[in-house]
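The values are calculated or read from the model by the stated rules, or taken from the named source; none is laboratory data. As the structure is a prediction and not an experimental result, all values here were calculated from the model. A quick note on method: Cβ atoms are made from the backbone with ideal geometry, for glycine too, and the neighbour counts reach across all protein chains shown.
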Amino acid sequence: MVTCGTMIARALCISALTAVSLPAAPSQQFAGAFEAPAELAVLPHRERPAIVNRMLRTRLDTLLPGLMRAAGIDLWIVANREYAEDPVYLTLVPEPVFAARRTTLLVFHDRGVDPATGEDRGVERLTVSRYALGEFYAAAWPEGGSDEAQWARLAEVVRERAPRRIGVNTSQHWAFGDGLSSGLRVRLEAALGPELRARVVSAEALCVRWLETRTPEELALYPQLCLIARRVIAEGFSNRVITPGVTTTDDVAWYLRQRFEDLGLDIWFMPYCNVQRQGLVLDGPIQGKSGVIIERGDLLHTDVGIHYLRLCTDTQEMAYVLRLDEEDVPAGLQAAVALGNRWQDLLTAEFRLGRTGNEVLANTRAAAERAGIECLVYTHPLGFMGHAAGPTIGMWDNQGPTPVRGDWPLHAATCYAIEGQITTAIPEWQGQRVQIKLEQDSVFDGQKVVYLGGRQTRLHVVR
């Protein structure tokens with residue numbers, strides 16, 4: 001039997017070298033993790049739908065049936081109105097769909113296994129909507145009509161299939177599973193009537209599993225996204241962008257944003273850049289000052305996140321600006337980065353199938369305490385969203401258990417931004433404490449964590 005871990009391993013073999021390490025720059029001794037190329041391979045918009053839709057078809061055909069059965073849901077209704085779409089809606093419809101049209105109703109019916117032949121009949125996909133969704137969904141309301149006729153037709157579709165459990169997207173704890181608006185819920189319950197309404201259950205678990213699970217096709221693609229993000233950071237943390245004593249942290253942040261824009265890539269938050277500086281002592285759990293001119297001797301930090309081919313990245317890296325009398329990064333800062341990598345290793349070593357996010361957090365913090373590492377852990381799932389569905393593994397302002405979301409277990413084929421920081425004293429800075437803030441994207445294949453685009457092991461260097 002081919003296991004999930006084996007499938008992921010096959011998908012990752014395409015980029016096995018870059019997933020483990022990145023080559024050092026041949027022409028710049030201190031270029032950081034690698035030298036940024038002049039051009040990056042980003043598809044034009046016209047070529048993206050074919051790839052997205054191929055991956056979507058695989059998800060709908062091969063992933064959704066098992067997830068619906070695991071959640072105990074026979075029929076799933078995803079109801080949307082234009083400008084108020086369910087969070088899962090755009091992960092279920094083909095490109096180039098940008099929004100719901102009027103009221104768009106998606107219906108997924110698990111037809112189960114044929115008892116006579118043992119054949120898996122899969123999930124029937126319907127749309128009870130005025131506008132078609134191509135070959136991905138069969139139109140169950142082709143004649144159209146009034147709003148009342150649309151809801152009446154939805155009720156007919158449900159009754160014809162006689163489901164035992166009808167999943168709808170309502171949840172007290174998961175935003176991803178709470179996309180059914182109060183107004184649409186009233187319409188839905190009225191249309192279903194008392195008998196069918198009694199079969200309605202929350203589909204929150206199905207929503208989370210659908211959003212967090214990655215297919216081999218997606219995992220084969222993901223390293224490219226992570227490398228693009230890292231290479232743009234390498235550009236931003238270079239003399240191509242930074243002139244010490246002139247360039248500000250805001251200049252770097254806006255360069256990163258414009259660079260992604262020029263590449264035709266969306267960002268899901270505004271990039272930022274900040275400094276830690278000898279003699280500049282800051283309070284708070286996360287240190288760094290923005291809105292200042294970058295000076296020699298500064299320790300720089302940035303955080304960027306892009307959205308490409310429906311997948312998100314989230315990356316934090318750091319750089320050092322050499323003083324005029326320096327030829328290399330101070331040994332204390334180099335050791336601090338190595339300590340940050342050691343913290344990452346302690347965290348990823350705690351990933352186990354079925355272990356909850358809260359358990360991973362507690363075990364990591366205990367291991368770090370034994371190793372004498374002062375750290376904060378705030379690692380999160382990654383996927384269709386940047387702060388995605390799945391187990392919360394600490395928060396920067398809460399290093400204890402996170403109810404419900406932290407109690408979600410780890411599953412195979414799920415991605416994470418390995419995010420957090422260590423704090424340590426730097427001898428060359430007269431013992432001043434600095435924070436090494438790292439974030440790199442990874443996949444948990446059910447047995448181990450693999451970095452999708454490598455990870456930072458030495459500081460980028462600005463001369």
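Just to be sure before I move on: is Glu95 touching a residue at least 12 places away in the same chain (Cβ under 8 Å) and outside any loop (DSSP other than H, G, I, E, B) in the structure I sent? Against the criterion (touching a residue at least 12 places away in the same chain (Cβ under 8 Å) and outside any loop (DSSP other than H, G, I, E, B)), Glu95 does not qualify. Selection over the range 390-419 of residues that are within 23 Å of Val304 (Cα to Cα) and surrounded by 21 or more Cβ atoms within 10 Å (Cβ to Cβ) gives a count of 11.
The single condition among (1) buried (at least 21 other Cβ atoms within 10 Å of the Cβ); (2) assigned to a helix (DSSP H, G or I) that Leu196 does not satisfy is (1). In the range 300-326, the residues that are closer than 14 Å to Gln276 by Cα reach residues that are basic (Lys, Arg) with C-beta atoms within less than 6 angstrom, at least six apart or across chains, in these pairs: His301/Lys437; Val321/Arg296; Leu322/Arg463. Looking across the range 369-385, the residues that are touching a residue at least 24 places away in the same chain (Cβ under 8 Å) and not in a loop (DSSP other than H, G, I, E, B) come down to Glu374, Cys375, Leu376, Val377, Thr379, His380, Pro381, Leu382.
Out of Arg209, Arg230, report the one residue that is out of contact with any Ser or Thr (no Cβ under 7 Å at 6 or more places or on another chain), assigned to a helix (DSSP H, G or I) and buried (at least 20 other Cβ atoms within 10 Å of the Cβ). Can you show your working first?
Details: Arg230 fails: out of contact with any Ser or Thr (no Cβ under 7 Å at 6 or more places or on another chain).
Only one candidate passes the filter, namely Arg209.
Restricting the range 77-103 to residues that are more than 18 Å from Ala175 (Cβ to Cβ) and buried (at least 22 other Cβ atoms within 10 Å of the Cβ), the residue that is nearest to the chain's Cα centre (by Cα) is Val93. Would a scan of the range 237-246 turn up a residue that is in contact with a helix residue (DSSP H, G or I) (Cβ under 6 Å, 6 or more places away or on another chain), assigned to a helix (DSSP H, G or I) and either within 22 Å of Gln456 (Cβ to Cβ) or free of Cβ contacts under 8 Å to residues at least 24 places away in the same chain (or both)? No. Among the residues of the range 104-123, the one identified as within 28 Å of the chain's Cα centre (by Cα) and surrounded by fewer than 19 Cβ atoms within 10 Å (Cβ to Cβ) is Gly122. Within the range 126-184, the set of residues being in a loop (DSSP other than H, G, I, E, B), among the aliphatic types (A, V, I, L, M) and either surrounded by fewer than 19 Cβ atoms within 10 Å (Cβ to Cβ) or at pLDDT 95 or above (or both) comprises Val128, Ala132, Ala140, Ala162, Leu180.
Here Asn363 meets the list (1) part of a helix (DSSP H, G or I); (2) crowded, with 18+ Cβ neighbours inside 10 Å almost entirely, failing just condition (2).
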